[in-house]
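A short write-up of the structure that comes next.
The values are calculated or read from the model by the stated rules, or taken from the named source; none is laboratory data. Please read all numbers here as calculations on a predicted model, not as lab measurements. When we count neighbours, we look across all protein chains shown, and the Cβ atoms used for this are built from the backbone with ideal geometry, even at glycine. With ligands, DNA and RNA removed, areas are computed over all heavy atoms of the protein, side chains included. Shrake-Rupley method; radii C 1.70, N 1.55, O 1.52, S 1.80 Å.
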Amino acid sequence: MQVLSVASEVFPLVKTGGLADVVGALPAALAPHGIRTRTLVPGYPAVMAKARKPLKRAGFDDLFGGPASILTVDHQGLDLLVLDAPHLFDRDGGPYVDGNGRDYPDNFRRFAALSLAAAEIAGGLLADWTPDLVHAHDWQSALAPVYMRFGAARAVPSILTIHNIAFQGQFGAEIFSELALPPEAFSIDYVEYFGDVGFLKGGLQAASAITTVSPSYAGEILEPEFGMGFEGLLTARASSLYGIVNGIDTDVWNPQTDPHIAGTYGSASLKKRHANRKALSARFDFDDAPGPIFCVVSRLTWQKGMDVLIEVIDDIVGNGGKLAVLGSGDPVIEVAFKAAAARHPRRVGIVVGYDEPLSHLMQAGADAILIPSRFEPCGLTQLYGLRYGCVPVVARTGGLADTIVDANAAALGAGCATGFQFSPVSAASLRRTLRRVFTAYGQPKVWSRLQTQGMKSDVSWNGSAQAYADLYSSLLAKG
Ligand code: ADP
């Protein structure tokens, strides 16, 4: 089976969040199922820099304002198709925002171009390869299923995966004339959304099937609280909506071989984690008092519940804990963490920025990872936590609810607990759960059992790759 995956990020070349990890890991996970995935991504500078021997496979004279080509690039086992369109993608700044954090004003053109290129490939643009199915991810590639409906790829099945429904790709109606779609596409059945143009909206209508990244989130987005306006549309399409939990790349995230940590270890050699605690403490200038080190590796946003965590920092320190934060995002939240660090020298620290190697050391050196998200489609950092014996303390929502077994008395007794869940997302409820965490940490046998149980959890792609393979096959069988 030949699949075209299309996305705006792919690990290890361009990453702002979990989307990149998933897009980067799925091809290898699907290969044993007889599925060859080629991944279409924008030719950002970071991607072009890795394109050592690019082969031009097709060209566009004018793709949304300039010439463009499709290049094939192999990078670390990834079979990439790169949309080289310098007028759209050759820019300083991030994939979506400029150096000042502002959305590029032509994002609609940039990602319509990506989507159109995918639809053209599905329709036979490349002389030597046509996919059987297109798998699009998030709003940036959500127009692919729409373009397919109106082009040569009409009969090719498509899947749209929602990694986070909060990002919808909404633009004023005036951009519609630039999208090269027929007038009937500006309707409730396609991209029209309350008088505007909605990229995600169009994709959700046009895709043969919709997936999201955990079973709980697939249920939650049918409700107004989580559906963010799409609950009605998704309820109408519920028979084509699937929740498939993300896995992680267990080679990249392996405490027994990880080159980014101070000392490698496994579930049978948990004592060796100590070298990582020391390295982490040095990095954050912590003292060497005992007590649990909590960590956060996250976008610092309201979604992630960081404001709630800030309210309990004094309790964490008051109970003998420490807090190491790695992240960036909302400036107000960054300032609040910095103020807490100033209030609690050698006990609380924050590194503002994005640091992949440090994110590994955090999981290896901290005792617990805090994830108080208000909503979480899947979440990856709790899965890394499980794999590294860094016990997840999570809000009971979305993929967090699906992947962590709460350490209540029954689960502890049965030996199946892997972390702590709390609900609702409030300071009072988090505080209550932290009391349970401190109690468990004070009982070394209980704690190490939690760690080893987590490390035994299957966080690989094995089960989920099978689920995607089954879905692909069922769509192809429907013809
Ligand atoms: P989301 O995609 O909503 O941001 P996920 O938990 O699904 O959240 O994925 C976040 C990914 O980004 C994880 O791989 C996490 O380790 C990584 N990450 C988040 N913030 C940072 C950071 N500041 N430095 C390094 N990695 C980070």
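List of remarks:
- Being open to solvent by 40 Å² or more (accessible area, probe 1.4 Å), under 22 Å from the mean Cα position of the chain (by Cα) and within 16 Å of the ligand (Cβ to nearest atom) is a property that TYR388 lacks.
- The residues in the stretch 88-105 that are part of a strand (DSSP E or B) and open to solvent by 50 Å² or more (accessible area, probe 1.4 Å) can be counted, and the count is 1.
- Selection status of GLU334, surrounded by fewer than 23 Cβ atoms within 10 Å (Cβ to Cβ) and either within 10 Å of the ligand (Cβ to nearest atom) or modelled with pLDDT under 95 (or both): no
- Any chance GLY413 is in contact with a strand residue (DSSP E or B) (Cβ under 7 Å, 6 or more places away or on another chain) and either open to solvent by 40 Å² or more (accessible area, probe 1.4 Å) or within 15 Å of the ligand (Cβ to nearest atom) (or both): no
- Considering only residues in the stretch 219-240 that are more than 27 Å from VAL425 (Cα to Cα) and touching a strand residue (DSSP E or B) at 6+ places or on another chain (Cβ under 7 Å), the one that is most open to solvent (accessible area, probe 1.4 Å) turns out to be ARG237.
- Qualifying residue in the stretch 280-303 (condition: within 16 Å of the ligand (Cβ to nearest atom), touching a strand residue (DSSP E or B) at 6+ places or on another chain (Cβ under 8 Å) and over 18 Å from LEU361 (Cα atoms)): yes
- Of all residues making up the stretch 305-331, the number that are of a type outside the set (A, V, I, L, M), in contact with a Ser or Thr (Cβ under 7 Å, 6 or more places away or on another chain) and open to solvent by less than 30 Å² (accessible area, probe 1.4 Å): 2
- Test: residue in the stretch 351-370 that is more than 16 Å from the ligand (Cβ to nearest atom) and either part of a strand (DSSP E or B) or closer than 29 Å to ASP285 by Cβ (or both): yes
Residue by residue, here is whether (1) at pLDDT 95 or above; (2) under 17 Å from ILE159 (Cα atoms); (3) of a type in the set (D, E, K, R) holds:
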site	(1), (2), (3)
SER177	yes, no, no
ILE210	yes, yes, no
GLY227	yes, no, no
GLU231	yes, no, yes
ALA238	yes, yes, no
PRO259	yes, no, no
LEU270	yes, no, no
ARG273	yes, no, yes
ARG277	yes, no, yes
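- Any hit, the stretch 393-400, residues being surrounded by fewer than 24 Cβ atoms within 10 Å (Cβ to Cβ), of a type in the set (Lys, Arg) and either more than 14 Å from the ligand (Cβ to nearest atom) or not assigned by TED's automatic domain parsing to the domain that holds ARG102 (or both): yes
- The set of residues in the stretch 28-57 being open to solvent by 20 Å² or more (accessible area, probe 1.4 Å) and either basic (Lys, Arg) or within 25 Å of ASP90 (Cβ to Cβ) (or both) consists of ARG36, PRO45, ALA46, MET48, ALA49, LYS50, ARG52, LYS53, PRO54, LEU55, LYS56, ARG57.
- The residues of the stretch 59-87 that are part of a strand (DSSP E or B), of a type in the set (D, E, K, R) and at pLDDT 95 or above, listed by number, are ASP79, ASP84.
- Exactly one residue among ASP74, ASP79, ASP138 is open to solvent by less than 40 Å² (accessible area, probe 1.4 Å) and either more than 30 Å from GLY195 (Cβ to Cβ) or outside the structural domain of SER208 (by TED's automatic domain parsing) (or both), and that residue is ASP79.
- Of residues in the stretch 1-27 being open to solvent by 40 Å² or more (accessible area, probe 1.4 Å) and in contact with a Phe, Trp or Tyr (Cβ under 8 Å, 6 or more places away or on another chain), the one nearest to the ligand (Cβ to nearest atom): THR16
- Among the residues making up the stretch 235-262, those that are in the same structural domain as ALA467 (by TED's automatic domain parsing) and over 21 Å from the mean Cα position of the chain (by Cα) are THR235, ALA236, ARG237, ALA238, SER239, SER240.
- Some residue of the stretch 58-66 being open to solvent by 30 Å² or more (accessible area, probe 1.4 Å), more than 16 Å from the ligand (Cβ to nearest atom) and of a type in the set (Gly, Ala, Ser): yes
- Residues that are modelled with pLDDT of 95 or more and polar (S, T, N, Q) were ranked within the stretch 443-463; the one that is most open to solvent (accessible area, probe 1.4 Å) is GLN443.
- Every listed requirement among (1) buried (at least 18 other Cβ atoms within 10 Å of the Cβ); (2) without any contact (Cβ under 8 Å) to a residue 60 or more places away in the chain; (3) in the same structural domain as ALA440 (by TED's automatic domain parsing) is met by LEU280 save one, (2).
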